[in-house]
Amino acid sequence: MTVNISNKAAIVGVANTEFSKNSGRSELQLAAEVVAAALADAGLKPGDVDGMSTFAMDTSDEIEVARAVGIGDLSFYSRVPHGGGAATGLVHQAAMAVATGMAKCVVIYRGLNGRSGHRFSAGVSGEITTSDSIHWGWYMPYGLLTPASWVAMCTQRYMHLGNCTKDSLFEVAYTMRQHAATNPQALFYGQPFDRQEYDAQKKVVDPFQLYDCCLESDGASAVVITSVERAKHLRQPGVVIRGVAQGAAANMESMTSFYEGEIATTQPMDIAAKQVYAQSGLSPEHVDSAVFYDAFSSTVLFQLESWGFCERFGAHDFVLDGSLRLDGRLPTNTNGGQLSEAYIHGVNGIVEAARLVRGGSVNQPNKEINHVLVTSGVGVPTGGAILGTMDTL
Amino acid sequence: MSSETLNFEAVQIGDQLAPREVPITAALVVGGAVASRDFTPVHHDRKAAQQAGLPDVFMNILTSNGLVGSYVTNWAGPDSTTKKIDLKLGSPNLPGFVMTISGEVVAKDDALGTVEIAVLGENNVWGMHMQAKVQIELPRSA
Amino acid sequence: MTAADRQALEEQIYAYVGRAIGQPKKSMDDVNVAMIRQWAEVMGDESSIYFDQQRASTTAKGGIIAPPSMLQVWSMEGYPMAASPAVDEQRALHQIFDSFGFTGVLGTNTSTEMYRDLRPGDSVTSQTTIDTISEQKATARGIGYFIETVTVFTDQHGEAVGRQVFRVLKFIPNESNGQGAQDSTEQSGTPAPPVRIPSPRGQDNGWWWQAVDAGKVLIQRCKSCSTLRHPPRPMCGQCQSVEWDSIESALAGEVYSFTTLYHPKVPGYHYPLCCAVIELAEGTRLVANIVGIDHDAVTIGMKVQGKVEQVDEKTMLPQFYPA
């Protein structure tokens, strides 16, 4: 890598809207509100922004959001494909733009009515014919229609090859819910569950029951990114982007990479992790806390292995040691994650990761947090980032 | 006492009721509405049903409730006493569909002598038409 | 709807909570054998206790009773509902909803308790109260409110004989979600039984599905280096040749991974539904269903044999059985 974007850019403002099952307003309005709130958090004016990035899937055009918020001329805008795989990809875009001088201040955002509008659990239907729907055509006739079913196919093989049982899936879902139960913004605030309640939930697709699956929610999240120099003079403590990368594996498909090699792994995440560690010069022992993309409980296990917190198939034992809990080795998804806070396609996870670095998580672990890992969706081309305090520069 | 009635002791949690196939006909939809004195136009007038967004007249709730009731009492026998029917409605039943009703004993209350039956009615076009929980008291063996 | 509209609506509707919809109503007919017989015929009630006095008297009931699920019938208004239904507080409430665009109405739940058997000659009086109105909810049908009414049924002695909770959704119809509009067949008025969602057929995959229609599963083969590939794509990833032909798979293989689906239930499919990645003897993998075995008995590594079958009125698919 000839250009290293490590330590060039910092997160200086973050915001979420409220999370709900029915926002009562348009996705554009959610996006505009959250972008304005993130700028306010940073102590910046809309006119300070000259770059924007969002998901390819987002329905709110950058220039529409810019116009709504009163953002002026833009010199940089971009979109990242592959659903939740885009989350830290937005940080990647922003950090590259800031590091290379293509933009001075970039706002990234994602707003969706994921419950009152289009629900991902409804599955694909092939109603719109595109090259993508031809891909789904290999699954639709057999009934393999939903994200849960695609991830389940890999999870079943993972559980077969390793020593993984429902115990570790429960531990992941349980820990996320414990964190949400003490997060007033979370949709599951005040609603912890125990093993009995977890086991009693309806089966969705083996091995997942209801609590292994993320929420569907309305809401928006935004993050403001500018240079580390400028971050030193802003309202909030800056959160340095120590490393950020994307990854797509050879011969992969979006969500259904079933055809080559071992499917009980997350190769795209392995690729992203390797790059992030190389860029930042950091290694797993430097990471104090993590926000993993948890669309399904098992995806946290895969990612623990990709990022080297344990050996391949070691995640089961790692989580059963209580490692993900607030007093564990790697306090994880302290906001409740997408399993229990809200499903904002991972961008609420970036907000939480920044808060952990700032020391402002509602469930801030009782230890020094210098570096926090945050990741994008699994099963698709994906990515991850390590964020650090300004002191770590 | 009637010999056709199941005894409380003979029924076990997990027992399955024989499925019943109900062809949904215009006669059943309209006849059910009239038998239940429900003259709401969507249950007998196709134009009214179409204005309500459905292609044809559709079964009223009282008929769905009645089909649940008869399904369970036909199984339990004449000495049984239905105490409660909780009914949740799903997709409509239209003429031309076939609904399959199935049931399973899901609970027994020894003190009350009641059993609880989970009933599911699924049609072949739109899936779940109704889900019900029925509490029914059964005579004890002499 | 605007926040102001919502506030105006909610101020009006919540005022109805706790109100009786009208005076107690005595059923026009006492419980009687004629109405019971008509009901029992339609519902397929087989029990003689509903209409055969002689046989009913030999049961524990000692005589004819009304089918318990008939309770609500004794409170129904009857024929006037067709043209000029009585205006009561419930209809007034619905009209308020209608005026704010919440024109959809859908019965979602009933919960009926029967305190005693009703017999011919009993007289049933009912009184309905608007019990609760939910907060605004986003439902699959659209944005709406759930209204729960409670009806108490009493007999000629003033004793309660039953109680029914009736839950309806008043909603703004969701244009894109009209089940009827989506599925209706104009000519017959009756939607056809659903079939599985077909694959779109384009230049790169249509030939594969046409072969399935004809009962065969093919595997694409590079003409230049003979590498097999699935799913089909236009270029060989090994040698970049765009020349290809295919071989027919013998459909012998083993389960590489599998999963059983329960929820959601998509029309056209039968659940629980087992889907698997099959490692074919030829070396490529194929996603297909596993059938002919209890889903709990499927294991990774299990040998399977496939055949192309018609799975519904329109769909041919490879299905795999235990070998």
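Annotations
- When only the Cβ of Lys, Arg, Asp and Glu is charged (+1, +1, -1, -1), the dipole of the stretch C:249-323 relative to its Cα centre reaches about 100 debye.
- Derived from the Cα gyration tensor, the three semi-axes of the equivalent ellipsoid of the stretch C:1-117 are 40, 14, 14 Å, largest first.
- Hydrodynamic radius of the stretch C:205-247 per Kirkwood, over alpha carbon pairs, in Å: 10.4
- Summarised as an ellipsoid, the stretch C:206-276 has semi-axes of 30, 14, 12 Å, derived from the eigenvalues of the Cα gyration tensor scaled by 5 and square-rooted, with the largest first.
- The stretch A:1-147: C-alpha gyration tensor shape, a/c 1.5 cut-off, then a/b vs b/c: oblate
- Ranked by the mean number of other Cβ atoms within 10 Å per residue, highest first, peptides A:340-346, B:15-21 order as A:340-346, B:15-21.
- Calculated [θ] (222 nm, deg cm²/dmol) that DSSP helices of n ≥ 4 give over chain A, each run adding -39,500 (n - 2.57): -9500 deg cm²/dmol
- Counting only other chain Cβ atoms within 10 Å of each residue's Cβ, the peptide C:155-166 averages 1.
- Rg and Dmax [Cα atoms of chain A; Å; Rg one decimal, Dmax integer]: 19.3, 57
- Theoretical gain in end-to-end length, A:Glu311 to A:Gln201 [0.36 nm per residue, Cα-Cα removed]: 36.5 nm
- Charges were assigned to the Cβ only: +1 to each Lys and Arg, -1 to each Asp and Glu. The resulting dipole of the stretch A:57-133 about its Cα centre is roughly 260 debye.
- For C:Leu218, the amide hydrogen comes within under 5 Å of the amide hydrogens of C:Ser249, counting only partners 5 or more places away or on other chains and with H modelled in the peptide plane.
- Taking the Cα centre of chain C as origin and assigning +1 to Lys and Arg Cβ atoms and -1 to Asp and Glu Cβ atoms, the resulting dipole is close to 660 debye.
- Our note on the geometry: Cα centres of the stretch A:127-194 and the stretch B:86-123, 30 Å apart.
- Taking the longest Cα principal axis of chain A as reference, the axis of helix A:87-100 is set at about 30 degrees.
- Here the label points at A:Glu262 and C:Thr2, each 7 Å from Cα along the C-beta direction, are separated by 6.2 nm in the simple model.
- The packing ranking, built from the mean of other Cβ atoms within 10 Å per residue, places the peptides A:260-267, A:210-217 in the order A:210-217, A:260-267, highest first.
- Cα-derived Rg to Rh of the stretch A:173-300, Kirkwood definition: 1.02
- log10 of Debye I(q)/I(0), alpha-carbon scatterers only, for the stretch B:8-137 at 0.10, 0.19 Å⁻¹: -0.34, -1.00
- Radius of gyration and maximum dimension Dmax of chain C, Cα, Å: 30.2, 93
- In the calculated pair-distance distribution of the stretch C:249-323, the portion above 20 angstrom amounts to 27 percent of the Cα-Cα pairs.
- With only Cα atoms counted, the stretch A:309-386 has Rg and Dmax values of 12.7, 34 Å.
- Segment C:Glu243-C:Asn174, extension gain: residue separation times 0.36 nm, minus the distance between their alpha carbons: 19.9 nm
- Straight-distance crosslink candidates among lysines, where the alpha carbon sits under 20 Å from C:Lys170 and sequence neighbours closer than 8 are dropped: A:Lys21, B:Lys88, C:Lys137
- Proportion of all alpha-carbon pairs of the stretch C:49-94 beyond 18 Å (%): 54
- Peptide-level mean, for B:44-56, of C-beta atoms on other protein chains within 10 Å: 4
- The stretch C:62-174: translational diffusion in µm²/s, Stokes-Einstein, Kirkwood Rh over Cα pairs, 20 °C, 1.002 mPa s: 137
- For chain C, relative contact order (Cα pairs under 8 Å, six or more residues apart, normalised by length) works out to 12 percent.
- Between 0 and 90°, nearest 10: helix A:166-181 axis offset from chain A longest Cα axis: 40
- Among the listed pairs A:Lys104/A:Lys367; A:Lys202/B:Lys133; A:Lys203/B:Lys83; B:Lys83/B:Lys108; B:Lys47/C:Lys26, a Cα-Cα separation exceeding 22 Å is found for A:Lys104/A:Lys367; A:Lys203/B:Lys83; B:Lys47/C:Lys26.
- Span from the the stretch A:240-299 Cα centroid across to the the stretch C:101-168 one, whole angstrom: 54
- Angle between chain B longest axis and helix B:61-76 axis [Cα atoms, degrees, rounded to 10]: 30
- For the stretch C:7-21, Karplus couplings with θ = phi - 60° (6.51, -1.76, 1.60), whole Hz, Gly/Pro x: 5, 4, 4, 5, 4, 6, 6, 5, 5, 7, 5, x, 7, 6, 7
- Size of the protein assembly as shown as Cα extents on the principal axes (Å, biggest first): 97, 66, 55
- Cα-based equivalent ellipsoid, the stretch A:21-101: semi-axes from gyration tensor eigenvalues, Å: 19, 18, 11
- Rounded Å value of the spacing that divides the Cα centres of the stretch B:11-85 and the stretch A:346-393: 55
- Peptide B:29-39 - average C-beta neighbours from other chains (10 Å radius): 6
- Charge-dipole axis of chain C as Lys and Arg at +1 and Asp and Glu at -1 on Cβ define it, positive-most pick from C:Val161, C:Ser126, C:Gly215: C:Gly215
- Coarse-grained scattering of the stretch A:239-393 at q = 0.13, 0.17, 0.20, 0.21 Å⁻¹, given as base-10 log I(q)/I(0) from a Debye sum over alpha-carbon atoms: -0.53, -0.93, -1.30, -1.44
Only the coordinates and a few stated rules stand behind these numbers; no lab work does. All values derive from a computational prediction rather than experimental measurement. FYI the Cβ positions are ideal-geometry reconstructions off the backbone, even for glycines, and counts take in every protein chain you see.
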